[in-house]
Amino acid sequence: MSTGTGRLWPWQLALLGALLFGWHELTASEILPSFFFGRPLLVWAVLRQWFTSGLIYPHLGVTLLETLLAFACGTLLGILAGMWLGLSPRVAALLEPYIKAVNAMPRVVLAPIFAMWFGLGVGSKVALGITLVFFGVFFNVLQGIREVSPVVLANARLLGASSAQLLRHVYWPAATSWVFSSLHTSVGMAFVGAVVGEYLGSARGVGYLILQAEGVFDINAVIAGIVVLTVCALLLDALVTRVERRLLVWRPAPASAAHADSR
Amino acid sequence: MRDAVTLRGASLAFSTPQGRLEVVREVDLSVGVGEFLCIVGPTGCGKSTLLNLVAGLLIPSVGSVLIDETPVSGIHPAVGYLFQADALLPWRDALGNVAAGLVFRGMPRKEAEAEALVWLQRVGLAGAARRFPHQLSGGMKKRVALAQVLAVNPRILLMDEPFSALDVQTRAQMENELLRLWAQDRKSVIFITHDLEEAIALGDRVVVMSAGPASRPIGSHVIDLPRPREVEEIRMTPRFLELQRQIWEQLRHEVHAGQARTSAWTE
Ligand SMILES: Nc1ncnc2c1ncn2[C@@H]1O[C@H](COP(=O)(O)OP(=O)(O)O)[C@@H](O)[C@H]1O
Ligand SMILES: [Mg+2]
């Protein structure tokens, strides 16, 4: 019964075709009002126009730049904070309720504050993305540091490792391995931060395009924007998978445990 | 004979939720330079704890630990430790693991890896240099761990039930390998095991620990079997069997005492 993915993809493609065709038929006959549901051919036309005129590129570039910056800064800060608190249990105990509170807060609500602090440009989106990326990485690193095997640690010390060498050769790899296992989530979070930030107030970016289209009730352009974002997210995810495979060769099983927990 | 390791009246207690647990009490023990000392005792009596004291991972509550007849508190660079549990760095391949100690001690990476490869060859694993710990069998991991600790050339080698998890054939093979490597430079060894046969086959002397808590050495038996030894063959000799009977007499009593105490706790 089991069909490999190799033989599954024509069916998956056919399903996509059927869905598109159904959408087309239902909206063409106005069974579904095209004002609310758009029309696939018009969405296609918008996409073509965006890419042939080059209009989309600066917007896409801005969104990806924001994603990249938020991802890099959020990950770095998360690693540093996680390692610091992981190695100083007293500070961790002191800060624990605050960390819990900030983590429990739906952090998207910070977007207006960031817009006020950092303006409508790239800065406020990166700030939002960082707050989203940071916590996932932070908790993973904290866990990673706390779960370093005491025997491995003792062994490294007996072999002659200094404190600095323990940090570099034991704590750091332990921490970063957990970061890599949450890469998918982190990249996704950075992307969400960028788009939501743009959507809530900006002058550029794919989120801004969607916002503008929505302002004039151009449902086809809204859907086109969503399509662009989805394809980008899939490409980023594939990229992450490749990076992960190279960096986690030492791991017994492909790390995807932390894959689906948030977003 | 000079002593490589001396314990003088060393006691160690853990504070547990149930109160103070004195694991070893007033242990006096010494290991001569170049001596292969085996310690046997019932499970849970405090053998690993004793070894951790010598390694400097634990500090005695009372008494002292001397290395080369000098008191120490903490890890001593002349001491190597082969742990009972898996202790390899999971993110380094076999070669990286064996090189680790050399790198920690300041050797340039290239040089350390060249030296590590020689050690992997000595334990018969040159072909697995690029494999990560999770890609190695239990016996291979133990070999890598052995190469790892021997690579830093410790004068004093502590081994905590290193072969207890291995199957019989692999185990005999590793015991012979260990004896061969040891014969080359006669490190001072403390070898912990719960297997009396293994202790007699390997050691110059076997020390028996009493059942815990508050365990201490209660007997020391010189093993006057000739070297070099082949562990499977030496087991058949009359002298071996005689020693085994003699030491077992003492050990049996402790094992039964230990079991009685453990079952009293769990009931
Ligand atoms: N960190 C610890 N805290 C509390 N009790 C411990 C600790 N380590 C070991 N023990 C106890 O000390 C006793 C001796 O342990 P161990 O030295 O590992 O025994 P062995 O190696 O002889 O089997 C056991 O009863 C064990 O439960
Ligand atoms: Mg033990």
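Take every residue in peptide B:101-107, count the Cβ atoms of other chains within 10 Å of its Cβ, and give the average of those counts. It would help to have the intermediate numbers written out before the result.
Numbers: counts 6, 2, 5, 10, 5, 2, 0.
Mean shielding by partner chains, rounded to a whole number: 4.
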Ranked from fewest to most other Cβ atoms within 10 Å of their own Cβ, B:38, A:73 fall in the order A:73, B:38
For residue A:125, which aspartates and glutamates qualify as cross-link partners when the Cα separation must be under 18 Å and same-chain residues fewer than eight apart are set aside?
A:66, A:198
First measure r as the distance between the Cβ atoms of residue A:233 and residue A:212, then evaluate 1/(1 + (r/R0)^6) with R0 = 22 Å and state the FRET efficiency to the nearest 0.05.
0.60
Let me know the shape class of segment A:56-261, please: from the alpha-carbon gyration tensor, a ≥ b ≥ c as square roots of the eigenvalues, rounded when a/c is under 1.5, otherwise prolate if a/b is greater than b/c, or oblate.
prolate
Mean residue ellipticity (222 nm) of chain A, computed from DSSP H runs ≥ 4 via -39,500 (n - 2.57), nearest 500:
-25500 deg cm²/dmol
For segment A:189-196, just list the computed ³J(HN,Hα) in residue order, Karplus coefficients 6.51, -1.76 and 1.60, θ = phi - 60°, integers in Hz, with x standing in for Gly and Pro.
5, 4, 5, 4, x, 4, 5, 5
Below 8 Å between Cα atoms, with a sequence gap of 6+, how large is the relative contact order for segment A:56-261 in percent?
29 percent
Förster radius 45 Å - calculated FRET efficiency between residue B:256 and residue A:95 (Cβ-Cβ, nearest 0.05)
0.30
Would you mind checking which residues have amide H under 5 Å from residue B:192's amide H? H placed 1.01 Å from N; only 5 or more apart, or other chain.
B:39, B:159, B:160, B:161
Using amide H atoms built in the peptide plane, which far-off residues or other-chain residues are under 5 Å from residue B:61 H to H?
B:11, B:12, B:13
How large is ³J(HN,Hα) for each residue in segment A:178-188, as worked out from phi by the Karplus curve 6.51 cos²θ - 1.76 cosθ + 1.60 (θ = phi - 60°), to whole Hz, x for Gly and Pro?
6, 5, 5, 6, 10, 4, 4, 4, 5, 4, x
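Say R0 is 35 Å: what FRET efficiency, to the nearest 0.05, do residue A:24 and residue A:109 get from their beta-carbon distance? Show your work: numbers first, answer last.
Details: r = 39 Å, r/R0 = 1.10.
E between residue A:24 and residue A:109, to the nearest 0.05, is 0.35.
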Karplus (6.51, -1.76, 1.60) ³J(HN,Hα), θ = phi - 60°, over segment B:3-12, in Hz, Gly and Pro reported as x:
9, 7, 10, 9, 10, 10, x, 7, 10, 9
Amide H neighbours of residue B:219 under 5 Å, counting only residues 5+ apart in sequence or on other chains, H built in-plane at 1.01 Å?
B:208
Order by neighbour count: B:59, B:190, fewest other Cβ atoms within 10 Å first, most last.
B:59, B:190
Would you mind telling me which residue in A:106, A:252, A:173 has the biggest mean-square fluctuation in a Gaussian network model of chain A, where springs connect alpha carbons within a distance under 10 angstrom?
A:252
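How would B:8, B:216 line up from fewest to most surrounding beta-carbon atoms within 10 angstrom? Before the final figure, lay out each step's value.
On the way: B:8 16, B:216 20.
Ordered from fewest to most neighbouring Cβ atoms within 10 Å, B:8, B:216 come out as B:8, B:216.
No value in this document is a laboratory result; all are computed from the given coordinates. Small disclaimer: the values here were computed from a predicted structure and weren't measured. No Cβ is skipped: glycine too gets one built from the backbone with ideal geometry, and neighbour counts run over all protein chains shown.
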